[in-house]
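Visitor: Have a look at this one before I ask anything.
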Amino acid sequence: MSQLVTGDAVVLGLRPARLPSRALAVFIDLVVLWGVYLALSMAVLSATGSLDDAATAAIAVALLVLVLMGGPVAVETLSHGRSPGKMACGLRVVREDGGPIRFRHALVRGALGFVEIQMTVGVVACIASLVSARGRRLGDVFAGTLVVRERVPVSRPAPVPPPPPWVAGHFAGLDLSRVPDGLWLAVRQYLLRADQLDPQVGWSMAQRLAADVAGFTGAPVPEGMPPAVYLSGVVAERQGRDARRAFGEDARPEAGRNGSAWPVSPPPATPPASPPSAPPAPAPSPRQPSAGASDGGEADGPPTGFVPPA
């Protein structure tokens, strides 16, 4: 990694490209460039075949300068340092301070690249890259540029060791918004390497970091609590707040924060539905005596609806 310090005292960690990847990128660029040059030369010379030899030679030289020298300059200027070969290999040309290149940088690189790469078959460029600590060829040295890798594998950060269970809830009321990010980074690095430090050195570093964190929070370190435990508890509280803010857990009601699930009140009990009752049977109507009963006929007989003649 190349340690570059800008004017704002910011250290840039740039990863310079190695010689094999740069050579592959240059080979791809040369294949594309010479393919375009040969195609244009055949098209132009066939169209101007009626001209004399001097005009034909002038056109050939113009095509050579415009395509083989002007082509890389135009491509790197328009793409901000990414030619087709560099795109395929994941490389980019940047300034020494990490910024994008401009036309003057691409012009110097293209002019010297035609000499040290194409005219010498890449021998001068390979020797210069091997001698340079950051793999720079002569065009990079005179232009003030650097070829860096863009596709860098990112390692997964190691988790911070969790605090003891009895620390949970001790720092829920702390104001952690004023603690700067640089101090959080220092605390995280200490917690990740606490087991590798000398006990006395680790204790002194933990005391100093705990005092700095307590100064920004406005609350002193609890009495009897080791500074390393205090730092791990504060970091765990900050991570918990960030997680709740990211997943929207701050919007849940206070009654629902006692567990991992939302509180669900049981539905009101409803009496079981009773089966529909049968309609009540009609009360028996009092039996009316028939005319035959009044005349001494059969009494209590079933009514037939027949009335005898008088």
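Visitor: Among 31-40, 107-116, 204-213, how do they line up from the highest to the lowest mean number of other beta-carbon atoms within 10 Å?
Guide: On the way: 31-40: 13.5, 107-116: 19.7, 204-213: 17.7.
Those peptides, ordered most packed to least, come out 107-116, 204-213, 31-40.
Visitor: Report the label-to-label distance for V121 and E223 in nanometres (one decimal), using points 7 Å from each Cα along the Cα→Cβ vector.
Guide: Placing both labels 7 Å along Cα→Cβ, they lie 8.4 nm apart.
Visitor: Can you pull the one-decimal nm distance between simple spin-label points at Q189 and V65, each 7 Å off the Cα toward Cβ?
Guide: Using points 7 Å along Cα→Cβ, the separation is 5.4 nm.
Visitor: Quick one: if you stick a label point 7 Å off each Cα along the C-beta vector at R178 and R15, how many nm between them?
Guide: It works out to 4.0 nm between the two label points.
Visitor: In addition: Given q = 0.12 Å⁻¹, what are the Debye log10 I(q)/I(0) values for segment 11-152, with equal point scatterers placed on the Cα positions and solvent ignored?
Guide: At q = 0.12 Å⁻¹ the computed log10 ratios are -0.50.
Just so you know, all these numbers are worked out from the coordinates, no wet-lab data involved. Since the model is a prediction, treat every value here as computed from it, not as a measurement. Here the Cβ is made from the backbone with ideal geometry for all residues, glycine too, and neighbour counts use every protein chain on show.
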